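Step one of this worksheet: look at the structure below.
The values are calculated or read from the model by the stated rules, or taken from the named source; none is laboratory data. Small disclaimer: the values here were computed from a predicted structure and weren't measured. Here Cβ is always computed from backbone atoms with ideal geometry, including for glycine, and neighbour counts include all displayed protein chains.
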Amino acid sequence: METPVQVTKSTLPPLEEYMGYLSAIFESHNLTNQGPCVRQLESRLSAFLDSPALLAVSNGTLALQLALHALQMAGKKIITTPFTYVATVSALLWEKSEPIFADIDPETLCIDPEKIAEQLERNPDAGGILPVHVFGNAADVTGIAKLASTHNLPVLYDAAHAFGSRLNGKSLFAYGDASTGSFHSTKLFHTIEGGCIATPKKADLENLLLMRAFGHTNDYHSQLGINAKMSEMHAAMGLCLLPKVARLISARAEKTTLYDQALAGEPRLRSIRLANDLEWNHAYYPLIFESEQALLKAMKKLAAEKIYPRRYFYPSLTKLPYLKPQSCPIAESIAPRILCLPLWPDMETEVIEKTTEIILNSLN
Ligand SMILES: *Cc1c(COP(=O)(O)O)cnc(C)c1O
């Protein structure tokens, strides 16, 4: 393999297909501001994600920020997980919320409802819960919903990894008071840059629409807004890729099986435990080593062959230098020894063979 292998390779539609949309956009001169591609994408995503109200936005981080406002979680103590991409916590901090970390389940790597309950006991002034469906696995939506209803708190899911994952026959975006998606080009489904907010409540939509575009309708300024609009060019990429998602997921599932087979029977490596009744989107291939030393050794051998997996998620966000120290022993134990292996739908089998062979050899 001459070219470097990264953790993923962005999916692109045939160029002619994208050009078809571009031609129409060029003809209309309608480039942004809730244009026809954005509206069409929103309506298709709303159906695909089992979400009655859905808004496309410019990225997954702003999606979180707007949703925090819509659910009145901004400026409050929010219970969240330290095992996620930093954007989950950056969104809280930009909205002047205070992240209170609850530790994760060591098998599913999602936030543990028992740990949320402990934090709610210690922080009776908490204003909401922000769990993450890590790697497209489902957080314990039942346990979390129970706690939320007991404490009368909103639940916002960071569903950036969960596109196409389904639980009990429903999209993961259908759980909680709202979910946010990221359509960044490294994600399973993308619009180059982009994201969405999905909520079961159509009433929230008007507020979110205003927030997304500066808080005004013509000359009537009703509330504080920001610019979180998606452009027509970005939406067009989504319209090209959405019909392909089922095929992309099944191709990922095949690659995952090949990885599983190659690594089966190696007791020094483990995978994550998926939630019961989950139809997984196979968004990532996470692999947990026995020690950070073993992981670093494997990474070094892989790098020598120009294979670059990613340390999702390292470090545990309890270690962020700009936060007051908090302790989550499970997240802090797993974060240094978990690696996401290269995975994309049409990757060469050879990459999987080589990657697994190097990892297995590195263990000895
Ligand atoms: C990618 C990601 C985000 C941020 O999304 P952007 O579209 O890149 O802003 C947020 N949370 C998680 C868990 C992510 O993986």
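Does residue 31 meet the test of being under 18 Å from residue 243 (Cβ atoms) and either of a type in the set (D, E, K, R) or modelled with pLDDT of 95 or more (or both)?
Numbers: under 18 Å from residue 243 (Cβ atoms): no; either of a type in the set (D, E, K, R) or modelled with pLDDT of 95 or more (or both): yes.
Taking the combined requirement at face value, the residue does not satisfy it.
Conditions first: (1) more than 17 Å from the chain's Cα centre (by Cα); (2) in contact (Cβ under 8 Å) with a residue 12 or more places away in the chain; (3) over 21 Å from residue 167 (Cβ atoms). Residue 186 passes all but one, so which condition is the exception?
Failing condition for residue 186: (1).
Look through 83, 101, 26 and report the one residue that is over 30 Å from residue 350 (Cβ atoms), more than 13 Å from the ligand (Cβ to nearest atom) and crowded, with 17+ Cβ neighbours inside 10 Å. Give the derivation first.
Working: 83 fails: more than 13 Å from the ligand (Cβ to nearest atom); 26 fails: crowded, with 17+ Cβ neighbours inside 10 Å.
Matching residue, one of 83, 101, 26: 101.
Look through 41, 54, 31, 64 and report the one residue that is within 12 Å of residue 197 (Cβ to Cβ) and not in a strand (DSSP E or B).
Numbers: 41 fails: within 12 Å of residue 197 (Cβ to Cβ); 54 fails: not in a strand (DSSP E or B); 31 fails: within 12 Å of residue 197 (Cβ to Cβ).
Every option except 64 fails the conditions.
Do we have residue 158 as among the charged types (D, E, K, R), in contact with a helix residue (DSSP H, G or I) (Cβ under 7 Å, 6 or more places away or on another chain) and crowded, with 24+ Cβ neighbours inside 10 Å here? It would help to see each step written out before you state the result.
On the way: among the charged types (D, E, K, R): yes; in contact with a helix residue (DSSP H, G or I) (Cβ under 7 Å, 6 or more places away or on another chain): yes; crowded, with 24+ Cβ neighbours inside 10 Å: yes.
Yes: the conditions hold for residue 158.
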